[in-house]
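Just below is one structure, and these are the notes that go with it.
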Amino acid sequence: MDTEQLLNAMTPEVYQRLAYAVETGRWPEGTILSKAQRDSCMQAVMLYQSKHNTDAQHMSVAAGGEICFKSKAELKKQFQAGQEDIVRVNPNRD
């Protein structure tokens, strides 16, 4: 299977399973990956990201194959932007 066939066959669900496996070293069912499996999964994840990742996170591969690094300040700004819709409750208040 060539790269283009692999990318066309990979669904978002398959990508999520592969990304989970790379991040944790285990398949979602709990089976441990071998080094060769982890390396192959990482390559597939990076290929998928290079084609589909339009909102690249810190240290990921953005669409077009560009490696994206976000600074700590950029990440803080990104996470603070979504804070206004969070309801905060003070459990110690009467």
Checklist entry - Taking amide hydrogens as modeled 1.01 Å from N in the peptide plane, which residues meet the under 5 Å criterion relative to R26, leaving out close sequence neighbours? => result L33
Checklist entry - Based on the Cβ-Cβ distance from T24 to K77, what FRET efficiency comes out when R0 is 22 Å, to the nearest 0.05? => result 0.20
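We did not get these values from a lab; they are worked out from the coordinates using the rules stated. The model shown is predicted, which means the values in this text are computed figures rather than measured ones. No Cβ is skipped: glycine too gets one built from the backbone with ideal geometry, and neighbour counts run over all protein chains shown.
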